[in-house]
Every structure is written in C-alpha cells, then in structure tokens.
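The values are calculated or read from the model by the stated rules, or taken from the named source; none is laboratory data. All figures in this text were calculated on a predicted structure; none of them were measured in a lab. Here the Cβ is made from the backbone with ideal geometry for all residues, glycine too, and neighbour counts use every protein chain on show. What goes into the accessible areas is simple: the full protein's heavy atoms, side chains included, and nothing from ligands, DNA or RNA. Shrake-Rupley method; radii C 1.70, N 1.55, O 1.52, S 1.80 Å.
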Amino acid sequence: MAELSELVQKVVRSSSWWERHGVDISILAGSFLLLPAGFLCLRSAQAIPFLAGVLTLGVVHHTLTVKGSHLASHNALTESKSWGKVWAVFFIELCSAFTVEQATYNHVKIHHGYTNVIGLGDSSTWKIPFLNRYVYMFIAPLAVPILTPLVALDLLRNVEWKAALRTLCCMFLGLYCHYWLLLHVSGFQSPWSALLCMLLTRSLLAHPYIHVNIFQHIGLPMFAADRKPKRIHLMSLGVLNLPRNALLDWSFGHSLISCHVEHHLFPSLSDNMCLKIKPVVSQYLKQKKLPYNEDTYTSRLRLFLRRYEELMVHAPPITELVGIQ
C-alpha cells in the first residue's frame, strides 16, 4: 500500500488546484446556476419545456445531494478543514436533508474503515429483506426522498442537541425553499402539486442511486472483523468499478461510478483526481496480481435480479484469504 500511495502522491503533487478541486467545484457551481432555468421551465403549460424543467431540477438535485454531499463528507472539495465543515453542512443538511455527523460516521468511519467487513461496512444497511426483487429494484427507490429525512430525524437521537438543532433548521430550510420556489417561481397552484413535483425531481435518479450503492460491494468477498486482510487486499477484493456514464459521472461523480476502487483506496481525493489516478491504480493492482473488479451496470442488474435472495436477503458467506492476513 505504501508503494501505491507514493505513486499516487506523485500524481497529486504534480496536479494543479484546478485538477485537484476546481473541476468538481465548477460542476457543482454550474449545476447550482441551472436552478433558475429549471424552476422557470416548470411555469410552461407545454409538455416539452415542463419536462425539461423536471429533468433539469432532477439532475441538479442529485448533483448537489449525491456528488456534493459525497465529496463534502470526505472533505475533498477544499484543503481547508473549516471550509470543509461549511460545505458539509450545506450539501448534506441543507441540500440533502440529512445529518452531517451521522453521514460522516456511517459512511467515512464505518463503510470506508471496514469495507465489506461483516456487521460493519458490509453495505447491509441497503438491504430490505421483506421486499421482493422487483419492488426493491424498481419501486422502492421512489421513496428515497421521503425516507431520507425520516431516517435523519431518527439518527438525530445520537448527536448533541446543538448539532441536532442545526440539522433540523437546515433540513427545514432546504425543503421549504424547494417548496416555496415551486409555488412562487414555477407557479404551482396547489400545495399537493408542488409536493408531487418535489417528489418527482428528488427521485429522478433514485433508481441508479440505489443500484450503484449495492452493485459495487454486495456480491463481492466479505470478511469477518477478526480475519480481514490488509487494506489493499480488502479494497481490491471488495470494491467494483462500473463503466463511465455521462449522466451518472456528472450527477454522482467518478468516485461513485468508474473510479470506486480508486476512491476506496484514496477517499480524500476529488472525483477528478480519482479519474486521473485510475491508470496508475489499475496498472499497479494488475502488476501485483491483485483483483481490479469491473463490470457493467446491466450485467450487475441481471445478477441481482437473478440472485436477489442470495445477495439481498440471506447473510453473505465469509471469505478467508490464507497467508495474506
């Protein structure tokens, strides 16, 4: 791991601020600037401009809440810890209606710290065993915008009251601003139509969001906490990259799509930097005869539909690697 880290650090040190942070900040800023166009398109009584507004707001929402929140949780948007905390509150609480403390703990500390370790970072939080395969894969994702703030409210029991109050204020402000803009800028006539539009735009890319989160870990080797291998083996075995996709690269970020292996090995790097180090990481792992897992979205979808009970209902088998622990 030290050898690979040195190779990656050479790439990072030779990269400009624009490559390290600027590209991803520009994507987030550009998305934010598209919001007025999206809300104004929804004023139209014609189908095409209206649908363009829904599509614009849906993509912008997921860019801010998935890409923005993910980068902010890893402090990958800036080299300043103070500004990192500001961006985390903005993207995770205001935009995503979640809690910074619990998002950081569950994702950064647990998922990244114990990737594919049974009972810790094994992605079991994404499993809902009582749902059948078709409901889970194609209908349940529509409930993500409703479930997210509800889960956040439940998790607030585990944070200090000051942080909980801040989270509640940010969540309310973010949701109410969205609702208010639909009524007063987009011209919706009833509260229910505005709420329905909120649900539609906030769930536009919920299906790939759920799918990506399960495709890239579940079904790969899982380990017992007392028998987990070294970090480089853990990440190369337990993480999978999907192919590049223009829509998902923009709205979710490279680190969640085509550079997930690189992201798990070097989680503090931005999406653009994960893409830049991808050739270095893939070449190194292949030279060392370590796995570099890659598969297509459709292939993983067929796998999960075919083996849903085994992957999403039953407990996974524990993998033991003799000689490299």
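Some observations on this one:
- Meets criteria (open to solvent by 60 Å² or more (accessible area, probe 1.4 Å) and on the phi > 0 side of the Ramachandran plot) for K230: no
- Of the residues making up region 193-207, those that are in contact (Cβ under 8 Å) with a residue 40 or more places away in the chain and among the polar types (S, T, N, Q) are T201, S203.
- Taking the criterion of being in a loop (DSSP other than H, G, I, E, B) and more than 9 Å from the chain's Cα centre (by Cα), the residues of region 242-256 that qualify are L242, P243, R244, N245.
- Number of the exception - R20 against (1) touching a Gly at 6+ places or on another chain (Cβ under 9 Å); (2) closer than 30 Å to Q287 by Cβ; (3) buried (at least 18 other Cβ atoms within 10 Å of the Cβ): (1)
- Scanning region 124-148 for residues that are buried (at least 20 other Cβ atoms within 10 Å of the Cβ) and either at pLDDT below 95 or within 20 Å of H260 (Cα to Cα) (or both) yields a count of 0.
- Selection count where residues are within 30 Å of A29 (Cβ to Cβ) and under 15 Å from the mean Cα position of the chain (by Cα), scope region 110-147: 5
- Considering each residue of region 155-168 in turn, none proves to be surrounded by 15 or more Cβ atoms within 10 Å (Cβ to Cβ), small (G, A, S), at pLDDT 95 or above and within 21 Å of H62 (Cα to Cα).
- Filtering region 182-211 to residues that are assigned to a helix (DSSP H, G or I), surrounded by fewer than 19 Cβ atoms within 10 Å (Cβ to Cβ) and either more than 23 Å from the chain's Cα centre (by Cα) or at pLDDT below 95 (or both) leaves L183, H184, P191, W192, S193, L195, L196.
- Exclusive hit being of a type in the set (D, E), at pLDDT below 95 and over 21 Å from F188 (Cβ atoms), set E19, E3: E3
- Considering (1) open to solvent by 60 Å² or more (accessible area, probe 1.4 Å); (2) in a helix (DSSP H, G or I), the lone condition that R43 does not fulfil carries the number (2).
- Here region 257-272 is the region considered, the condition is being among the hydrophobic types (A, V, I, L, M, F, W, C) and in a loop (DSSP other than H, G, I, E, B), and the residue that is surrounded by the most Cβ atoms within 10 Å (Cβ to Cβ) is C259.
- Inter-residue pairs, beta-carbon under 7 Å, first more than 13 Å from D271 (Cα to Cα) and in region 11-23, second surrounded by fewer than 16 Cβ atoms within 10 Å (Cβ to Cβ), 6+ apart: V11/V280
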